[in-house]
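Novice: Pasting in a structure now, in structure tokens, and then I'll have a few things to ask.
The values are calculated or read from the model by the stated rules, or taken from the named source; none is laboratory data. What you see is a predicted model, and the numbers here were worked out from it, not measured in a lab. Here the Cβ is made from the backbone with ideal geometry for all residues, glycine too, and neighbour counts use every protein chain on show. Heavy atoms of the whole protein, side chains included, go into the accessibility calculation; ligands, DNA and RNA do not. Shrake-Rupley method; radii C 1.70, N 1.55, O 1.52, S 1.80 Å.
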Amino acid sequence: MRTSATGPDAGPVHVVVMGVSSTGKTLVGRRLAQALGAEFVEGDELHPQSNIDKMAAGTPLDDEDRWPWLETIAERTREIGATGRSTVVTCSALKRSYRDVLRTAAADTFFVHLHSTFNLLAQRMREREGHFMPPALLQSQFETLEPLEEDEDGALVDVAVEPDEVVAAALSALAGDPLPRPREASQD
């Protein structure tokens, strides 16, 4: 766990806001970037059209679809980091191997893993408009998800609370403050 990422002499901070669909990655990411004075990068905007078309048709992406997208996200983070600026990137980052690619941009990347129950997130998916990800793909994301491992710098943050509370928890984790141990993501 990071000890002083947000201190005055900490240098650039590189954060990936991760998790399955409908956890609020974009909303939390934008607010976190604003709080940190970081540049916000929406990972979904970096998908090639072929990935968007595939997901919109209800077909889950496979690793071959994801590798170029992940490399594009990592390159964008590297470009911004080279200027001395911090980044907050949204990306599902469901597998350890995907997070390893993202970490190539900045070895000290901090992952804010947003999570909640399947039922809450499915309800959110049904209520949102204008997104290419259909609710039918949520189950495949839960099946693919590999939680952060002990050696990965990051925190698990439950999104069943208000967005301001989620952002506050993420900022606390970045500062090295311990978070209460949330319940594991489940089907409930």
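Novice: So how compact is region 17-128: Cα radius of gyration and Dmax in angstrom?
Specialist: Every Cα atom of region 17-128 included, Rg and Dmax give 14.0, 42 Å.
Novice: Amide H of GLY154: which non-local residues (sequence gap of 5 or more, or other chain) have their own amide H closer than 5 Å, using H built in the peptide plane?
Specialist: Here the answer is ARG2, PHE111, since their amide H atoms fall under 5 Å of that of GLY154.
Novice: Continuing with this model, one more query. At a 1.4 Å probe radius, carbon and sulfur cover how many percent of the accessible area of region 42-93?
Specialist: That fraction is 50 percent.
Novice: May I ask which residue of GLY81, LEU46, ALA57 lies farthest towards the positive end of the charge dipole of region 38-90, with charges of +1 (Lys, Arg) and -1 (Asp, Glu) on Cβ and the Cα centre as origin?
Specialist: Of the options given, the answer is GLY81.
Novice: On to the next question. Starting from the residue with the highest accessible area, list ILE80, ILE52 in decreasing order, probe 1.4 Å.
Specialist: My answer, sorted largest first, is ILE52, ILE80.
Novice: On to the next question. ASP53: accessible area at probe 1.4 Å, nearest 10 Å²?
Specialist: Surface accessible to solvent at ASP53 totals approximately 80 Å².
Novice: Residue by residue, what Karplus-based ³J(HN,Hα) values in Hz, rounded to whole numbers, does region 69-78 have, using 6.51, -1.76 and 1.60 with θ = phi - 60° and x for Gly and Pro?
Specialist: Values, residue by residue: 5, 4, 4, 5, 4, 4, 5, 4, 5, 4 Hz.
Novice: Still on this structure, I have one more. Give me P(r) over region 9-73, computed from all C-alpha to C-alpha distances, binned every 10 Å, as integer percentages.
Specialist: The percentages, shortest bin first, are 18, 45, 28, 8, 1.
Novice: Would you please give the residues with an amide H less than 5 Å from that of SER86, counting only those at least 5 places away or on a separate chain, with H modeled from the backbone geometry?
Specialist: Placed amide hydrogens put VAL13, GLU39 under 5 Å from SER86.
Novice: Kindly provide the Kirkwood hydrodynamic radius of region 67-169 in Å, to one decimal, from all pairs of distinct alpha carbon atoms.
Specialist: After inverting the mean inverse Cα-Cα distance, the result is 15.2 Å.
Novice: For region 1-124, what is the accessible area per residue in Å² when the probe is 1.4 Å?
Specialist: Working: 5160 Å² over 124 residues.
Per residue, region 1-124 has 42 Å² of solvent-accessible surface.
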